[in-house]
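Asker: Have a look at this one before I ask anything.
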Amino acid sequence: MMIHADKCIELGLPVPESYHNQETYVLMAISLGYKIHTYAARCIGIANLHSVVSTLKRKGYNFTQENKPVYCPQNKIVPPHSVVNVSMSSEQILFYRAKKSRQGN
């Protein structure tokens, strides 16, 4: 499934590159300090953020996952139920970049 660049721009998320799949896009975005939650993910074309998160965890990536109510850009409200919200702390970003640079050498 394709990630919609126009929706990413609309939500203030980074524009996907042609080589990004759902996992690499989410990883790239959170490693740049962005937060992605279920509603934003659906809006940009990622139907199941939970499965993307599970895949990234299985591959050993370290990030923060919270379940909490957030703003839904499609309905323009904050629904009362909690959804998946992923991000990286500054320490996690530094660790990810260091690990990535070691793999590149």
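Asker: Of Ser18, Ala5, Ser90, which is farthest along the charge dipole of the chain in the positive direction, counting Lys and Arg as +1 and Asp and Glu as -1 at C-beta?
Answerer: Farthest towards the positive pole: Ser90.
Asker: Sticking with this one: Could you work out [θ]222 nm for the chain from helices alone, using -39500 (n - 2.57) per DSSP H run of at least four and dividing by all its residues? Round to the nearest 500 deg cm²/dmol.
Answerer: Helix contribution divided over all residues of the chain: -13500 deg cm²/dmol.
Asker: Further question: From the list [x] 13.6, 47; [y] 12.3, 34; [z] 16.6, 56, can you say which value of Rg and Dmax of the Cα atoms in Å was derived from the structure given?
Answerer: Only one option fits the structure, namely [x].
Asker: Only Lys, Arg, Asp and Glu count, each charged at its Cβ (+1, +1, -1, -1), so figure out the dipole size of the chain about its Cα centre, rounded to 20 debye.
Answerer: Numbers: 12 positive and 6 negative charges, 64 e Å.
With Lys and Arg at +1 and Asp and Glu at -1, about 300 debye.
Asker: Something else now. Give, as a single signed number, the net charge of other residues whose beta carbon lies under 12 Å from the beta carbon of Pro73, with Lys and Arg counted +1 and Asp and Glu -1.
Answerer: Values: positive: Lys7, Arg42, Lys76; negative: Glu10.
Here the count lands on +2.
Asker: Between the stretch 9-29 and the stretch 35-63, what is the separation of their alpha carbon centroids in Å?
Answerer: 11 Å
Asker: Which net charge results when you count Lys and Arg as +1 and Asp and Glu as -1 among the other residues whose beta-carbon is under 14 Å from that of Pro16? Mind dumping the intermediate values first?
Answerer: Working: positive: Lys7; negative: Asp6, Glu10, Glu17, Glu23.
Net local charge, Pro16 excluded: -3.
Asker: Count charges around Ser51 for me, please; just the other residues with Cβ under 15 Å from its Cβ, Lys/Arg as +1, Asp/Glu as -1.
Answerer: Working: positive: Arg42, Lys57, Arg58, Lys59; negative: Glu23.
So the surrounding residues net to +3.
Asker: Among all lysine pairs in the stretch 5-104 that are eight or more places apart or on different chains, how many have alpha carbons less than 28 angstrom apart?
Answerer: 19
Read-outs: derived from the displayed coordinates by stated rules, not from any lab. Quick caveat: nothing in here was measured; it's all calculated off a predicted structure. Neighbour counts are summed over all protein chains in view; Cβ atoms, including those assigned to glycine, are modelled from backbone coordinates with ideal geometry.
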